[in-house]
């Protein structure tokens, strides 16, 4: 009992002085400036930058926790209790990121299609369209095939021996809505679809992991898929 | 000086006060709360179907200033705790006031940022970035707000006739733990949300 | 009930009701939790009977699909959050201070707040039937069914808001219990001398404190999706329904350990006392309980084996799930080892404890079966899982709770529940429970899906469904007999002595029921089984001193105020945000009043 009270007395005031606290504050500020400089002023490779930033922030975190929150000087029970929460939270974070990582490697978003590399990669799929928004009559294909639109009219395209609109109703409307306003899947109307054609071509061809969108290639040829892309992007429902 | 706060301590098995232990366990649970919000943000990073995207809206310089202020508020908070533990009530009140003011400035910065983003097209439901960003930083801001309320209550309490009573060091210390925690969460948010590309 | 000499802060003119509404006495709060929890157990039971009645025959017409969805969802929500957890909380509240040798919990007003918030959340969840529709998306609320597009009514908003309130209530109580158990033990009571029930309580409190924040975030996100236009879980606009599943089960799995560990703790108390033998392998049981707690955070995706996780995650989670069977098995062997060679007194409490071991083991076996992803692909969403769940939760958790009721009834009320009625009730419940849930294994294996409001004739499911329904009525009858026993017993005079069973833990070192201040003199603990040690070494209890100045915390109405404010916030989130703001102001007033009110 006496020992416990002595321990309590000791934790009353940790040994840090005002000057030391201010010094710690200055150090924290300096580290923040360094982080800012690394992000804005230098042109670092992303992975290096991430590692450095995480390391610096961890140092700040540790300083505040150990010295401002006094974990260094207090009863060890406190850092153990806190560690429980912190370690668990960190582990769950890592586990969730790992679980979602695989999904996201395959899904496509705006950012992926902004780079020329992505465009070039899909040129091999036979798609000549470089995804200019609002280009009318972009349905004119360089390689006439079984499907594809007659030049200039995306609504008149033929997909798998039926008009593209009918094909859509028969195969896409269940998830995307008969009026293309979206049900389980997103709305597919010209106003909403503002990304490059490759993005939609790729989604239709390969599906989207983590959602119910299946891949339609190779049942649908590239020309078929192009026709569908032009249809949803340029024909009002 | 510390003999005063020494008298009142009810005997406990570990020797530490129940209230301080409560705060630490609570902070452990808060790690899970913010951990989940941060996980959501990171999972949706790069998954927005439409813009605006982070790099189009963030003003890193402004946010750095905000971050700096919150960091400095941790300094003033620890000095407030130092003051009460060394029996210097005037310094304690000044440091508490300084912390409150800096906390309010930080909150003001958040409010400005949210309104500005909203104005340039990043509404709450606009895309995955907006949803996860606003909910994460919004709830962090709410915690800062609760902290400000907590500190204002302590400050007002300290000006009353009996002040904060014999347990004053404990009350300020515990409030300080909460305040520092809110600061370290921001350290993580600042890095993962604003700085990392 | 005896009042201590020199107790400060009790006025004798308080009306009885106001006394209960402002109580901060852990024993009274325990009674509130117990009565309310048992009431909701009956409500949940009625919801189940309605479900079973609808499923008794194919193409049943008792209940339509919409109401059916509400009933099976609320059955689970009620049983988990309004019955089992509060009944657990009732025992925690009553016995933590007594078993550790303290006079109350660390934060008595916070304790009261936990109860009143639970009550408001429970009322909200139950009344939802009459005000817009009860939650109907299952207790797990999967997206995108839970989204605004597919659940346009109020139902899933009641889900998010009431669970937020209930979760916060549990969190608050758990924080209180952790501090109490670590920091308020009697002199000489080291952690390894804590009763096993206390260890289980501590692990449960940590599980809740660490898992509830995760579901809180999920519920907030769902609320935002439904009300503020975000799409965390709505795939159409970029969200991911699988994220909801992860968030839910990161909470949901530790939650099921929260449901079973208290009953394991109770059984670890009852078996040694009724076997008149110390618990076999105390350290192993304690470490196994802690291991279950820790591992419990590492198995959640076993609820998601059929969502396309990928090979590596499936292997990892399958391994961790199988691993968690090991500490569980250790406990079972230790209970059996305790009974072996003991001079066993087979009273009703012991019947329920042994019943627990048998039935929980069956549930555990079906559980390990679906730890294999390949096998789980067959089991998922079939009645096989329903069988597993109910063997572990009814056969396990509920049987354990009943064991605790019969064991501790004399301590709490000073009276003994009738043994003949008790044993009758046990057998009827045992038979009813097996008749209801064992056939569900067959139903599941022959393909009957979960959560369907009816089924066609001739699929091979007719007979077993009928058997299960009859079983459920038998089970209900068994519970009815218990109720009769309870009311009959409460009419009797209080005749129980301090330690009628010859127990070893500190709650038996005071009167039955205990005085408000629990112990006249805080006992000194020299052993893990303090009363047996004292008896064997001839140590007499310290006599009551001449003058006792025991200060017990005064009653307070601020927990009520705060809970009322929170309820208003909840109501506002369901109706008008202005109401929520008013609620927030009430909360602020409550916090200030609480902080300023004297506790000396």
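Assorted remarks:
- The long axis of helix C:282-295 is offset from the longest Cα principal axis of chain C by roughly 40 degrees.
- Shown for B:193, B:84: other C-beta atoms within 10 Å of each C-beta, ranked fewest to most, produce the order B:193, B:84.
- Between residue C:227 and residue C:66, the contour length at 0.36 nm per residue exceeds the Cα-Cα span by 55.7 nm.
- Computed E for residue A:46/residue A:206 - FRET, C-beta separation, R0 25 angstrom, nearest 0.05: 0.45
- Residues within the reach of a label modelled at residue A:30 (point 7 angstrom out along Cα to beta-carbon, backbone nitrogen below 16 Å), restricted to the stretch A:36-64, are A:36-38, A:56-57, A:59-61, A:63-64.
- Approximate spin-label separation residue C:454-residue C:145, in nm, with each point projected 7 Å along Cα-to-Cβ: 1.9 nm
- Counting every other Cβ atom within 10 Å of each residue's Cβ, A:35, C:419 order from fewest to most as C:419, A:35.
- Efficiency of FRET between residue C:336 and residue C:533 - r from beta-carbon atoms, R0 22 angstrom, step 0.05: 0.35
- Base-10 log of normalised Debye intensity for chain C (one unit scatterer per alpha-carbon) at q = 0.07, 0.12 Å⁻¹: -0.42, -1.29
- Here C:519, C:352 are placed in order of increasing Cβ neighbour count within 10 Å, fewest first, which gives C:519, C:352.
- Helix B:18-44 axis versus longest C-alpha principal axis of chain B: approximately 10°, rounded to the nearest ten.
- In this label model, residue B:65 and residue C:431 are separated by 8.0 nm, measuring between points 7 Å along each Cα→Cβ vector.
- Ellipticity at 222 nm from helices only: DSSP H runs of n ≥ 4 in the protein assembly as shown, each -39500 (n - 2.57), divided by the residue count, give -21500 deg cm²/dmol.
- Whether the stretch B:1-147 is rounded, prolate or oblate, judged on the alpha carbon gyration tensor where a/c under 1.5 counts as rounded: oblate
- Spin-label model, residue C:361 to residue C:423: label points 7 Å out along the Cα-to-beta-carbon direction sit 2.2 nm apart.
- Gyration tensor verdict on the stretch C:201-305 (Cα atoms; rounded if a/c is under 1.5, prolate if a/b is larger than b/c, oblate otherwise): prolate
- Relative to the longest principal axis of the Cα atoms of chain B, the long axis of helix B:89-119 lies at roughly 10 degrees.
- By the Kirkwood approach, averaging reciprocal distances over each pair of separate Cα atoms, the protein assembly as shown gets a hydrodynamic radius of 31.2 Å.
Readers should treat all values here as calculations from the given coordinates under stated rules, not as data from a laboratory. Small disclaimer: the values here were computed from a predicted structure and weren't measured. We place every Cβ from the backbone using ideal geometry, glycine too, and count neighbours over all the protein chains shown.
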